Each structure stands twice: as structure tokens, then as C-alpha cells.
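**Student:** First the structure, then my questions, so here it is.
The values are calculated or read from the model by the stated rules, or taken from the named source; none is laboratory data. Worth saying up front: this structure is predicted, and the values here are computed from it rather than measured. Positions of Cβ are generated from backbone atoms using ideal geometry, with glycine treated the same way; all protein chains shown enter the neighbour counts.
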């Protein structure tokens, strides 16, 4: 089945979510997450330096929702603060 097309509107806020396989946590603890982010940051710097470029290194499917109401925006902010 082909992926569903994403609706995009200029100037719109989106809540974007990405998960591990089977909705499992990607990292077992905070130390693992920090180590991964540090390795990723160094890899991105090397890649950009080697190929003289900027931009996305990882892209893929993700879930996004249009944030239309202030209550949902507050929900998204709470979700981000408590999840990361």
C-alpha cells in the first residue's frame, strides 16, 4: 500500500511524532539517548564537512498532525517536555 500523501499548508504548525518498531521505546535509558545523539551529531558534522553540504541526514516516514486549536498546542508542548 502506498503511503498516504501529507497535507501541507504554509505557515501551519504541525505536531510530528516518530517511534521505534512496534511502538517500542527507541532507547532504554537517558544515557543511551545522549550517546546516540552525540554520535549522530559527530557523524553529521563529518558528513557535511566531507561533502560540503547542509540539510537533512535522516529522513523517513513520520506521523504529523495539524495543530489547529490552542488546547492541542498546549498538549503538544506538554508531550514534548515530558517525553524528551
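**Student:** So which residues in segment 58-84 are modelled with pLDDT under 85, exposed (fewer than 11 other Cβ atoms within 10 Å of the Cβ) and in a loop (DSSP other than H, G, I, E, B), if there are any at all?
**Tutor:** 58, 59, 60, 61, 84
**Student:** Give the number of residues within segment 1-29 that are assigned to a loop (DSSP other than H, G, I, E, B), touching a helix residue (DSSP H, G or I) at 6+ places or on another chain (Cβ under 7 Å) and modelled with pLDDT under 75.
**Tutor:** Result for segment 1-29: 0.
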